[in-house]
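For reference, the structure is listed below as C-alpha cells.
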Amino acid sequence: MKKIESYVDGVYSSVGGNKKEIEELKAEMKSHLIEAVHELKAEGKNEQEAINIAIERFGGEQEIRSIVGQLFKAQKTFAKWVLYLSMAIILFTVFAFGFIWSYEEENANENSIVATQISEILNDKNNITEEMEKEISSLIKDTDQISKIEIYNVSDVDNVNQVIDYVSDTKPDYRYEQKVWNPKWLQADFFPYANWDKKWYVGMETRQISDWMAIILFSGIAIYITLFTIWATINSYHHRRLNIGWIIAFTLLNVIGYLIYVLVGKRKIAA
C-alpha cells in the first residue's frame, strides 16, 4: 500500500522533533489507515477504492499536515515555556529567600550594635539622666525595626536567674516606643531582644519577617516541582515512555529523576 505510505510520509514531511517519536506516530497512522482499508474491502470495495476512501475520510494531506505541524509546535512551545517558568520560579525563590535572610541578618546585627551602644551609655551610671534618655531614643529612632525599649536597674537583684521575673513585675526606669512599619501582608512578628549586666537590663522588641522566608521557600519549591514535573511528563509522553513510576520519580527526585529517565532511555536504545 504505497499510496498510504506516501500519504503518511507527506503528512509528517515538515514536522520537526524527535525522530523516534515521529516514526512511532507515522506507524500508528499507517495502522489506522490500513485497518480502515481492510474494513472497506470487507464491504466490497476494491483495494484502490478502499485506499482512496480511507485517506479521504482521514483528511486531505495538506490539511492533516497543517494540523499535525501546529500540534507539534504548540506542544513544544508549551513544554518549553513550562520549563522556562519553572527555572524562573526557582531563581526568584532563591533570590527572595537570600534577600530576606540577609535583611534579617542585618537587622539582628543592628540590634546587637544598638544594645551595646546603650550599655555603653549606661555604663556604671546609677540613674538615667535626661541627656542619656535623648541619646537612647535617638539610637532607637535611627532603626526601622525596633518598636520598644525598656531599661531596668537590676543592681538590687541578687540572683541573675531572677532578673527575668524582676523585670516582668517592675516598672522600667526608662521606656520608649515608636511605630514601626508593619502592614498585615508583611506577616511580621515582634520578638524580644535582651541584654543585661550586673546593673542594667536592656529589653527591646524588634520586628522580624522570618515567616516570609518559610512562605517563599516552600511555595516557590512547590510551584517549581509542579512545573518541572509537567515538563518532564510531557517529554516522557512524547517518547512513549510515560507511566506512573516516572511521574513519581519526576515529582520526588526532580532533576535527578529526569536524568535517571534519560539514562534508562539511552540504555534501551543501546540494547
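The values are calculated or read from the model by the stated rules, or taken from the named source; none is laboratory data. Note that the coordinates shown come from a computational prediction; the quantities given were computed from them, not determined experimentally. All Cβ positions, glycine included, derive from the backbone under ideal geometry; neighbour counts span all protein chains shown. Note: areas computed on protein heavy atoms with side chains; ligands, DNA, RNA excluded. Shrake-Rupley method; radii C 1.70, N 1.55, O 1.52, S 1.80 Å.
Here are the numbers for the structure shown:
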{"item": "Matching residues in the stretch 141-168 - criterion: being of a type in the set (A, V, I, L, M, F, W, C) and open to solvent by less than 90 Å² (accessible area, probe 1.4 Å)", "result": "ILE146, ILE149, ILE151, VAL154, VAL157, VAL163, ILE164, VAL167"}
{"item": "Odd one out for ASN182, checked against (1) of a type outside the set (Ser, Thr, Tyr); (2) in contact (Cβ under 8 Å) with a residue 40 or more places away in the chain; (3) touching a Lys or Arg at 6+ places or on another chain (Cβ under 7 Å)", "result": "(2)"}
{"item": "ILE128 being touching a residue at least 24 places away in the same chain (Cβ under 8 Å), within 30 Å of LYS198 (Cβ to Cβ) and in contact with an Asp or Glu (Cβ under 8 Å, 6 or more places away or on another chain)", "result": "yes"}
{"item": "Failed criterion for ASP144 (all others in (1) assigned to a loop (DSSP other than H, G, I, E, B); (2) in contact with a strand residue (DSSP E or B) (Cβ under 7 Å, 6 or more places away or on another chain); (3) acidic (Asp, Glu) hold)", "result": "(2)"}
{"item": "Selection within the stretch 123-162 - β-branched (Val, Ile, Thr) and at pLDDT 90 or above", "result": "ILE128, THR129, ILE136, ILE140, THR143, ILE146, ILE149, ILE151, VAL154"}
{"item": "Condition met for THR116 (over 27 Å from LEU227 (Cβ atoms), modelled with pLDDT under 95 and open to solvent by less than 100 Å² (accessible area, probe 1.4 Å))", "result": "yes"}
{"item": "Condition met for ALA50 (modelled with pLDDT of 75 or more and touching a helix residue (DSSP H, G or I) at 6+ places or on another chain (Cβ under 8 Å))", "result": "yes"}
